[in-house]
Amino acid sequence: MLMKTITLAGIAVAISTSTHAATIATSIMDNNGEWSPVNQYLFITAQSGLSPTAGSTMMHFNVVETANNNRSDTTFSDLFLSAGTYTATIDVGSFTNRNLANIEAIGLTSDSSILATSSLFTPSPASGTWETWTLEYTVPNGSNLIGQALGFAIDIESTGVDEANIAFDNLRIDFQAAAVPVPAAAWLFGSGLLGLIGVARKRPGQ
C-alpha cells in the first residue's frame, strides 16, 4: 500500500506541467502617456462613424497626417517575453466614407522588434464598423528572445497622397506558459515505480 502511494505521488509530479491562459496586459487607449509618440493618435468620436469599443477614446491614424511619423507603440511595464503562447486581440475600425488605411506592420514586440505571428485573423472592417483582430505567437523553450521587454506596435503604411483612416481600440494580451520539459531521470523514476507496482500485484496472495 505504501509503495502504491509513493508511485502515484511520483506520477503526479511528472505530469503536473499543464497551464492555463491568463490576461497579462490590456490597453483601452485612453491614456496618451501609454503610447509613443504622444501626438494626434488618441481621438474622440467626431464624424467618423465610429464610437470607441472601450473607454472614451480610440487610437486614430490618418495617412496624410502621419506621412512621416506613422508608428506608435507601447511597452508593458515589468513584462518580459517567456516561452509559451501569446494571443493578442485588438479592435480595428474603418471610418465612414474614408478608405481604410493599409497597415505596414502590427503586433507584439520584443525589445521594439515586431514578432512574427504563428497564426492571425485579420478581417477587413466595412465602412463605419469595427472588427476584432486576433494575432497569435508561439515562443519555444530556449528561444534567444526570452527575457526581452514585451510591447505592442502599430505601423501604418504612408503614401502621403491619398487620405485614408484607421482606428484601434481595446488591446488585450493573453499568455499561456509552455509546458516545462520533464527531465529524463524523472520519467525513468516514474516508469520504475510503475514497474514495481506491476511486480507487487503479480505476487501470490496479493
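The values are calculated or read from the model by the stated rules, or taken from the named source; none is laboratory data. Model, not experiment: these values are computed from the prediction. So basically every Cβ, Gly included, is an ideal-geometry build from the backbone, and we count neighbours across all protein chains shown.
Select the strands (runs of 3 or more DSSP E) contained entirely in segment 1-95, then report the ones holding at least 2 residues which are within 18 Å of Leu135 (Cα to Cα) and modelled with pLDDT of 90 or more.
By residue number, 22-27, 71-80, 84-93.
Considering only segment 114-175, give the strands (runs of 3 or more DSSP E) lying wholly within it that have at least 2 residues that are more than 28 Å from Asn99 (Cα to Cα).
Of the strands (runs of 3 or more DSSP E) lying wholly inside segment 114-175, those with at least 2 residues that are more than 28 Å from Asn99 (Cα to Cα) span 130-139, 149-156.
Given Leu115, Leu120, which one is crowded, with 17+ Cβ neighbours inside 10 Å, free of Cβ contacts under 8 Å to residues at least 40 places away in the same chain and either among the charged types (D, E, K, R) or in contact with a strand residue (DSSP E or B) (Cβ under 8 Å, 6 or more places away or on another chain) (or both)?
Leu115
Would you pick out the residues in segment 134-176 that are within 19 Å of Ile114 (Cβ to Cβ), surrounded by fewer than 20 Cβ atoms within 10 Å (Cβ to Cβ) and of a type outside the set (Ser, Thr, Tyr)?
Answer for segment 134-176, where residues must be within 19 Å of Ile114 (Cβ to Cβ), surrounded by fewer than 20 Cβ atoms within 10 Å (Cβ to Cβ) and of a type outside the set (Ser, Thr, Tyr): Glu136, Pro140, Asn144, Leu145, Ile146, Gly147, Gln148, Ala149, Asp155, Glu157, Arg172, Asp174.
Looking at the structure I just gave you, is Ser94 in contact with a strand residue (DSSP E or B) (Cβ under 7 Å, 6 or more places away or on another chain) and under 30 Å from His20 (Cβ atoms)?
no
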